[in-house]
Amino acid sequence: MSTSLSSSAFWILTTLASGRRHGYEIMLESAKVSDGRVELKATTLYAALERLERDGLVAADGEEIVSGRARRYYRLTDQGATRLDEEARVLQSQARMALKRLSGHSYAFTSPGVTSRVFAQGFARGFAQ
């Protein structure tokens, strides 16, 4: 198994999993699908796209001129989809183990009106789906 994807790479690949997009769309959609946890700056985005393209995980998929500005589109490659799937499964396994361990800890997290064990078990089931 290869090394873990950076956070930027993970969210870029996740965004492109639903279809081709240009850079600005990738920035907006990454913020949306990450619930605002990721806000890619243009320099970060394009450096990451360059690395992902070089590694064969994304590919350029056309350009167009809109309002006098060039838009370059990117798409997820089959290799990129495989890599994202691997990463998501590793994260899922790690989260499941952490939640399992937390559910038995005396300082386990709680949610208002829900015991920590019930909350953790329900959260872990959500990852399993």
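The values are calculated or read from the model by the stated rules, or taken from the named source; none is laboratory data. Worth saying up front: this structure is predicted, and the values here are computed from it rather than measured. Glycine also receives a Cβ, built like all others from the backbone with ideal geometry; neighbour counts cover every protein chain displayed.
Kindly establish whether residue 95 is modelled with pLDDT under 95 and in contact with a strand residue (DSSP E or B) (Cβ under 6 Å, 6 or more places away or on another chain).
Values: modelled with pLDDT under 95: yes; in contact with a strand residue (DSSP E or B) (Cβ under 6 Å, 6 or more places away or on another chain): no.
When the stated conditions are applied, residue 95 does not pass them.
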By residue number, the members of the stretch 12-43 that are surrounded by fewer than 16 Cβ atoms within 10 Å (Cβ to Cβ) and farther than 18 Å from residue 80 by Cβ are 24, 28, 32, 35, 36, 37, 39, 41, 42, 43
